[in-house]
Amino acid sequence: MSLLVLGSIALDTVKTPLEERKELFGGTASYASISASFFTNPSLVAIVGDDFPSEYIEDFQRRNIDLSGLQRVPGKTFRWSGEYFDNMNNRKTHSTDLNVFADFTPTLPEAYSTLPFILLANIGPDLQLHVLDQLQSPRFVIADTMNLWINIARADLLKLLTRIDLLSLNDSEARELTGQNNLIQAGALLRKMGPTYVAIKKGEHGCYLFGPDQFFSCPAYPLENIQDPTGAGDAFAGGMAGYLASRFSDSNSKEPINFEILQQAVVYGSIMASFTVESFGTDRLRSVEQKEIEERWKVFKKVSTF
Ligand code: AMP
């Protein structure tokens, strides 16, 4: 075990211009941990209600995702619903029902406190800080966030930024958090707020990675059919974190985590995001075969070299 994943487990309702689907297996920790499970055995910190289908819990187990940090309590599972418009780049949240998440202040299993790689998938920054406070000396912490927290929990979010190594967020969130329209300037400003590295996701246009005096523009995998963009950012972060955790699985490894390795992590993250958007919910991500990841890696190599 070397990767902890914190986030939401949800039953989502998603509407696109073509279709609406209800009660999908979603949540930021679900997408992130399933994505990471192709590289490592993540340890999950999350909560579900007693209405959460046990087949999904069994799916986590089949992937060797450690569930000692997963609570199942009486009550309703977190629910989110959203709608995509036009070319699927615009999304409106219709409802967010925290349900069992409202009182979730987890005490981590003891074995989790020494995990070296941490992914704080999108969830309230107070909860992200609460988990971070229980860790001894993590080697690399990645955090994701969303516009909701930028608006209602900015102080906690700014505190979190001083304690993480990499922030992953989308372009509109980067603009909102910095007040800067130009993404190159936004990336630089976000690095000044704390994290050494910043990944700004731009949907079908790929992603920018910023580091100390370094910059990488990663394309998105060329896809003709996108069914549901939900969870792409979480699968991206999960792929990145999972790759890093597997690359440094020997806990004595002194190899530094440098920009080149993070570029590779960003490509693996982008590959996992590309599968995610090919179906509603986690269906496509859960059906990925290892060889498909390597096939897409080769395509990335081709489209990003000239
Ligand atoms: P993304 O498309 O990367 O923004 O992530 C979508 C996932 O985020 C969905 O599966 C939702 O269940 C989950 N989600 C939406 N809002 C929240 C929230 N406020 N806290 C935690 N998870 C959320």
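Computed values, structure above
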{"read-out": "Evaluation of Asp50 against (1) more than 14 Å from the ligand (Cβ to nearest atom); (2) under 18 Å from Ser287 (Cβ atoms) (one fails), failing number", "value": "(2)"}
{"read-out": "Residue among Ala273, Ala241, Ala245 that is away from the ligand (no atom under 16 Å from the Cβ), modelled with pLDDT of 95 or more and either within 16 Å of the chain's Cα centre (by Cα) or open to solvent by less than 10 Å² (accessible area, probe 1.4 Å) (or both)", "value": "Ala245"}
{"read-out": "All positions within segment 1-41 that are in a loop (DSSP other than H, G, I, E, B) and under 11 Å from Leu70 (Cβ atoms)", "value": "Ile9"}
{"read-out": "Residues satisfying the stated conditions in segment 56-72, i.e. free of Cβ contacts under 8 Å to residues at least 40 places away in the same chain, away from the ligand (no atom under 16 Å from the Cβ) and open to solvent by 40 Å² or more (accessible area, probe 1.4 Å)", "value": "Glu58, Gln61, Arg62, Arg63, Asn64, Arg72"}
{"read-out": "Residue ID - farthest from the ligand (Cβ to nearest atom), chosen from residues in segment 119-132 that are in contact with an Asp or Glu (Cβ under 8 Å, 6 or more places away or on another chain) and open to solvent by 10 Å² or more (accessible area, probe 1.4 Å)", "value": "Leu129"}
{"read-out": "Test for Phe85: is it exposed (fewer than 14 other Cβ atoms within 10 Å of the Cβ) and away from the ligand (no atom under 12 Å from the Cβ)", "value": "yes"}
{"read-out": "Condition met for Ser270 (out of contact with any Ser or Thr (no Cβ under 7 Å at 6 or more places or on another chain), within 27 Å of Trp149 (Cα to Cα) and of a type in the set (Gly, Ala, Ser))", "value": "yes"}
{"read-out": "Odd one out for Ala102 among (1) of a type outside the set (Ser, Thr, Tyr); (2) more than 20 Å from Thr230 (Cα to Cα); (3) open to solvent by less than 20 Å² (accessible area, probe 1.4 Å)", "value": "(3)"}
{"read-out": "Residue that is farthest from the ligand (Cβ to nearest atom), among those in segment 133-182 that are open to solvent by 30 Å² or more (accessible area, probe 1.4 Å) and touching a Lys or Arg at 6+ places or on another chain (Cβ under 8 Å)", "value": "Asn181"}
{"read-out": "Failed item in (1) modelled with pLDDT under 95; (2) under 15 Å from Ala241 (Cβ atoms), with Leu18 passing the rest", "value": "(2)"}
{"read-out": "Entirely in segment 244-306, the helices (runs of 4 or more DSSP H) that have 2 or more residues that are of a type in the set (A, V, I, L, M) and touching a strand residue (DSSP E or B) at 6+ places or on another chain (Cβ under 9 Å)", "value": "259-276"}
{"read-out": "Residue list for segment 255-306, restricted to those being touching a Lys or Arg at 6+ places or on another chain (Cβ under 7 Å) and polar (S, T, N, Q)", "value": "Ser274, Thr276"}
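Each row is one residue, and each column tells you yes or no for (1) open to solvent by less than 10 Å² (accessible area, probe 1.4 Å); (2) more than 15 Å from the ligand (Cβ to nearest atom); (3) more than 12 Å from the chain's Cα centre (by Cα); (4) not small (Gly, Ala, Ser).
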position	(1), (2), (3), (4)
Met1	no, yes, yes, yes
Gly7	yes, no, no, no
Val14	yes, no, yes, yes
Leu18	no, yes, yes, yes
Lys22	no, no, yes, yes
Ala29	yes, no, no, no
Phe38	no, yes, yes, yes
Val45	yes, no, yes, yes
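The values are calculated or read from the model by the stated rules, or taken from the named source; none is laboratory data. Remember, predicted model here, so these are calculated numbers, not experimental data. Note that each Cβ is placed from the backbone with ideal geometry, even for glycine, and that neighbours are counted across all protein chains shown. Side chains included, ligands, DNA and RNA excluded: accessible areas come from the protein's heavy atoms. Shrake-Rupley method; radii C 1.70, N 1.55, O 1.52, S 1.80 Å.
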